[in-house]
1. Could you tally the net charge around ASN72, taking each other residue with its Cβ under 9 Å from the Cβ of ASN72, Lys/Arg +1 and Asp/Glu -1?
2. Return the distance in nm (one decimal) between the two label points of a simple spin-label model at SER376 and PHE452, each offset 7 Å from Cα along Cα→Cβ.
3. With a cap of 10 neighbouring Cβ atoms within 10 Å, and only residues DSSP puts in a loop, list the trypsin sites (Lys or Arg not before Pro) found in segment 266-358.
4. Quick check: residue separation of GLN388 and SER225 times 0.36 nm, minus the Cα distance between them. What number comes out in nm?
5. Quick one: with all protein chains in place, what share of the accessible area of segment 231-289 is carbon or sulfur, to the nearest percent (1.4 Å probe)?
6. Alpha carbon centre of segment 182-221 versus segment 422-485: separation in Å?
7. Antiparallel versus total DSSP beta bridges in segment 268-359: what percent is that, nearest 5?
8. When only C-alpha pairs under 8 Å and at least 6 residues apart count, what is the relative contact order of segment 170-253, in percent?
Amino acid sequence: MLSRLSHVLPGKLRPISCKATSTIKTAGALPKVSSMAAEQQVQKARLAVVGDVHGLWNKDADEAALGCLNPNTVIFLGDFGEEDVELVQEVASCPFPKACILGNHDSWFHQVLVPRRKRPLPSQEQPSAKKQAEDNNVAPGADFVKGCSDGGSDSSSDAGGLEGGTSSTAVLEEGGRHPALAPESAVQRQLAALGDAHIGYSGMPVHGGPPLSLVGARPFSKGGSSWSSIAPFIAALYGVNSSKESAEHIVAAARSQGNNLVIIGHIAPLGLGRERHDIAGVDWIQGGGDHGDPDLRLALQTLKEERRRVALVLCGHMHHRLQGAHGKPAGRRMAAVDPTGALVLNAATVPRVLRHPPKPVPEPGSPNGSKKASPSQQQLQQQQQLRQQQEQRLRDAEAAGEHLSWRHFLVVDLAVTPGQEEQGMRVSEARDVWVEVSVKQQEISSNVAHEFVVASSTVGKDGAITYKLWDAFTKRYYERTVLNQ
């Protein structure tokens with residue numbers, strides 16, 4: 001059954017599988033990890049990361065897209081919708097090996113408790129999903145949250161009603177039981193649907209046998225250092241009463257796994273910058289600020305002291321397009337290196353589904369450049385030609401009854417360096433990937449339409465790792481070196 005894009009992808013499609021068949025085509029697929037660098041036998045893994053969904057998930061189209069990415073495991077970073085149980089159930093049925101961490105929007109009506117008399121009135125005037133889709137180049141027919149950062153303060157991110165007339169606050173039941181514990185609550189129904197695939201405060205090995213484990217940070221995080229607003233909710237669900245206790249739960253989950261770790265959190269750790277364009281920088285108020293999670297910061301430091309290798313931290317929540325950019329295009333820095341040496345990648349490209357091809361990324365400047373790169377006249381002409389070709393492709397598709405969408409994934413390849421196996425796995429390359437999905441006469445096909453490297457690494461003879469990271473704010477690559485310790 002089609003779900004979110006039923007009038008974009010009309011009719012009932014045949015079942016999706018990972019293999020190319022007469023009805024499902026995966027032209028332009030990324031090569032499988034096991035076939036890459038055939039000259040050396042190395043241990044590799046590939047993660048396909050789905051950032052903040054915000055209603056934009058279609059079972060048939062997205063599974064077709066995943067079929068051409070060849071991942072070991074699919075990672076979901078939460079914010080599926082405002083406690084959208086139906087959508088989470090669809091994600092839970094995805095046949096690929098998967099791991100998920102739920103976000104603050106997935107507990108939107110239950111996370112914050114206020115007295116009933118203070119409950120805000122629901123908003124009565126919300127733009128239609130179709131109008132929002134048209135305004136934001138998102139494939140129509142899906143519930144949509146505008147492509148800018150979440151709020152994060154207690155007063156902005158968790159206050160106010162949503163379309164549908166329900167307040168985003170909860171009230172304790174008689175006897176003091178938190179409503180999120182009720183079996184019929186949307187929170188419990190989402191957790192039940194995901195089962196072991198939800199790894200908040202737990203872990204699992206990556207599918208396929210690479211020496212790599214996934215560890216979940218605090219689920220339902222909305223970021224920031226304030227604990228009081230979320231205390232009743234987190235205590236009721238997990239028995240956690242402080243950031244320190246939360247960090248201890250994350251560390252305990254890591255200790256239960258192997259020694260090569262990928263941490264999955266809804267938001268980045270505290271300590272990665274206070275500028276509005278930083279990976280967890282506050283962009284909705286003047287002056288910026290660091291909106292990262294302090295418990296994740298403490299957990300990473302503890303794991304480093306215990307000499308456990310964290311190859312990667314995956315996060316979302318802080319959208320790639322900066323809020324309050326005064327009409328000027330401005331991008332967030334989506335890659336950073338934590339003080340502990342772990343690479344941190346933000347996959348929250350929002351919206352993640354477009355009805356027009358994504359705009360080409362400007363030609364990057366040289367590493368370590370301090371000024372924004374300006375595209376040359378030739379590059380501008382090439383971009384214009386590409387856009388014209390894309391528009392013609394759309395017109396031809398419409399005339400032929402073909403329905404197109406472009407779907408975003410962060411694809412991360414990890415590997416063990418030959419001769420340095422004791423160093424464990426590292427991120428060799430991470431790419432923003434847009435997969436074009438086509439539906440025509442009950443046939444669905446997918447191919448990688450556009451990819452751009454956001455992070456790569458090289459290893460020196462001394463074991464030091466040098467990361468080359470894309471800065472979407474300055475439109476340049478920069479480098480960070482992590483010494484072998």
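1. Numbers: positive: LYS44, ARG46; negative: none.
Once all neighbours under 9 Å are counted, the net charge is +2.
2. Computed distance between label sites SER376 and PHE452 equals 1.9 nm.
3. Here the trypsin sites (Lys or Arg not before Pro) that fit, given the DSSP loop and packing criteria, are ARG307.
4. Details: separation 163, 0.36 × 163 = 58.68 nm, distance 4.68 nm.
Extra length from GLN388 to SER225 when fully extended: 54.0 nm.
5. It is 49 percent, rounded to a whole number.
6. Taking the Cα centre of each part, segment 182-221 and segment 422-485 sit 25 Å apart.
7. Details: 5 of 10 bridges.
Within segment 268-359, antiparallel bridges account for around 50 percent of the total.
8. 25
The values are calculated or read from the model by the stated rules, or taken from the named source; none is laboratory data. Note that the structure is predicted; figures quoted are calculated from it, not measured. Virtual Cβ from ideal backbone geometry, glycine too; neighbours counted across all protein chains shown. Accessible surface areas use protein heavy atoms only, side chains included; no ligands, DNA or RNA. Shrake-Rupley method; radii C 1.70, N 1.55, O 1.52, S 1.80 Å.
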